[in-house]
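Notes follow the structure.
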Amino acid sequence: KQWREIMAIDLDAMFLVAQSVGRHMVRRGGGGSVIQTASIYGVVGADQRIYAGSEYNGRPINTPAVYAAAKAGVIGLTRHLAAYWAPHKIRVNALTPGGVESGQNDTFKQRYSNRVPLGRMAAPDEMVGALIYLASDASSYMTGQNIVVDGGLTAW
């Protein structure tokens, strides 16, 4: 039951929103940019060592398999939709944030930061530049891509 609930939120919802938006874009003559949100754990496996004693807003946290599967699915969905809607000049890309600070306790922040070449987690506003790029004409020849903004985590 938990697997289906998380899939419904993290993958099914992305499909349903993209389907609705894409249909609208096609009906109005095509063109546009759809940006999906994935996660670093859709690209790499979670390091379970960082979760002992970790909390998010006072509650224990971990990264279950269903979350990783759903976010990897978002990347696959993005590529499929990019190829499907390309004839309509609709670009579809994914943004993959890695380690965004948003209520994790100091234990988690320190352990996660130790895994990142830049030595820290991201601030939420550090995703804005990538989003603006993907939404703008500056990325007019990009579709089906997954832009990873992770402070270098995937470089190691």
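The values are calculated or read from the model by the stated rules, or taken from the named source; none is laboratory data. No experiment lies behind these values; they were computed from the predicted model shown. When we count neighbours, we look across all protein chains shown, and the Cβ atoms used for this are built from the backbone with ideal geometry, even at glycine.
Do you know which residues across segment 86-111 are over 16 Å from Y141 (Cα atoms), more than 13 Å from the chain's Cα centre (by Cα) and either without any contact (Cβ under 8 Å) to a residue 12 or more places away in the chain or surrounded by 22 or more Cβ atoms within 10 Å (Cβ to Cβ) (or both)? Those that are over 16 Å from Y141 (Cα atoms), more than 13 Å from the chain's Cα centre (by Cα) and either without any contact (Cβ under 8 Å) to a residue 12 or more places away in the chain or surrounded by 22 or more Cβ atoms within 10 Å (Cβ to Cβ) (or both): D106, Q110.
Could you pull out the residue among A46, A83, A68 that is hydrophobic (A, V, I, L, M, F, W, C) and surrounded by 17 or more Cβ atoms within 10 Å (Cβ to Cβ)? It is A68.
On the stretch given as segment 15-51, residues that are of a type outside the set (F, W, Y) and either assigned to a helix (DSSP H, G or I) or without any contact (Cβ under 8 Å) to a residue 12 or more places away in the chain (or both) total 19.
Residues of segment 112-130 that are within 18 Å of the chain's Cα centre (by Cα) and surrounded by fewer than 16 Cβ atoms within 10 Å (Cβ to Cβ): A123, P124, D125, E126, V128, G129. When L81, L95, L118 are checked against the criterion of being on the phi < 0 side of the Ramachandran plot, outside any helix (DSSP H, G or I), modelled with pLDDT of 95 or more and touching a strand residue (DSSP E or B) at 6+ places or on another chain (Cβ under 7 Å), L95 stands alone in meeting it.
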